[in-house]
Amino acid sequence: MTEIDLDSVSIRELNQALHDLKPDTNQTHWKARNPRGKHALAVGLEVPVTIEIDGHVGYYCGGMNKEASIVINGQCGWGVGENIMSGTIRVKGNASESAAASGHGGLVIIEGDASSRCGISMKGVDIVVLGSVGHMSAFMGQSGRLVVLGDADEDLGSSLYEAEIYVRGNVASLGADCEEKEMTEEHRAALGELLARAEVDVDPASFKRFGSARKLYHFHVDHADAY
């Protein structure tokens, strides 16, 4: 394991060292200590390595991730996993606003709660939140899945396209053009596979499924107040 002390090594130096890695590197396990809420840690990675961050991080940790596995042993600021393409990010605490914003792929697991707009404009990423999510989560979600084991605050799935939302707890309110959908055996099986990937042992039959009502795909004067 390669260990980095962020009290003596800058974020730029750490990120550059990670960017310099080749796909066949034998430095496959890194640990960063003393992050102390610093921003933009482990961003833009393109190699299949594991990075453990021991402590709390600031905004955009793991942004634009590709192939790497990132573990945050603490809380994280807004935009964790922003624009993630592939790989895995696990937050062993709470996440601030806009977790996995615009994510195209990969898996983001938040073991605590996530604040507002979790999964905003998601484009293929899978997000599993073991706690609850704030208002307007999955806002403008285009593709991918948001799974919430706790509760969802107001305006869930507002202006949703084809992303799917699964909630085990209570939903304060649904956003514009979001509605509850049938939970079929096929959906339960797919959700069960996702939960297994996230290492979450919960019965998929205990979730409700939400998706787009598809009334806002094209402008219609009868729906003008919903745009």
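The values are calculated or read from the model by the stated rules, or taken from the named source; none is laboratory data. The structure displayed is predicted, hence computed values, not measured ones. All Cβ positions, glycine included, derive from the backbone under ideal geometry; neighbour counts span all protein chains shown.
A few remarks follow.
- Pairs are defined by a Cβ separation below 6 Å, a sequence spacing of at least 6 or placement on different chains, a first member in the stretch 184-198 that is under 15 Å from V167 (Cβ atoms), and a second member that is of a type outside the set (D, E, K, R) and in a helix (DSSP H, G or I); the pairs so defined are R188/P204; R188/A205; L191/P204.
- Selection status of G112, within 17 Å of V148 (Cα to Cα) and either in a loop (DSSP other than H, G, I, E, B) or not charged (D, E, K, R) (or both): yes
- Some residue of the stretch 65-74 being farther than 15 Å from R90 by Cβ and surrounded by 20 or more Cβ atoms within 10 Å (Cβ to Cβ): no
- Considering the conditions (1) assigned to a loop (DSSP other than H, G, I, E, B); (2) in contact (Cβ under 8 Å) with a residue 60 or more places away in the chain; (3) of a type outside the set (G, A, S), L160 is excluded by exactly one of them, (2).
- Filter pass, P35 being modelled with pLDDT under 95 and in contact with an Asp or Glu (Cβ under 9 Å, 6 or more places away or on another chain): no
- From V221, V167, V202, V171, residue being of a type in the set (V, I, T), modelled with pLDDT under 95 and farther than 24 Å from S86 by Cβ: V221
- Just one of the listed residues (A99, A95) is among the aliphatic types (A, V, I, L, M), crowded, with 24+ Cβ neighbours inside 10 Å, touching a strand residue (DSSP E or B) at 6+ places or on another chain (Cβ under 7 Å) and farther than 15 Å from I53 by Cα, and it is A99.
- The single residue among I84, I51 that is surrounded by 18 or more Cβ atoms within 10 Å (Cβ to Cβ) and assigned to a strand (DSSP E or B) turns out to be I51.
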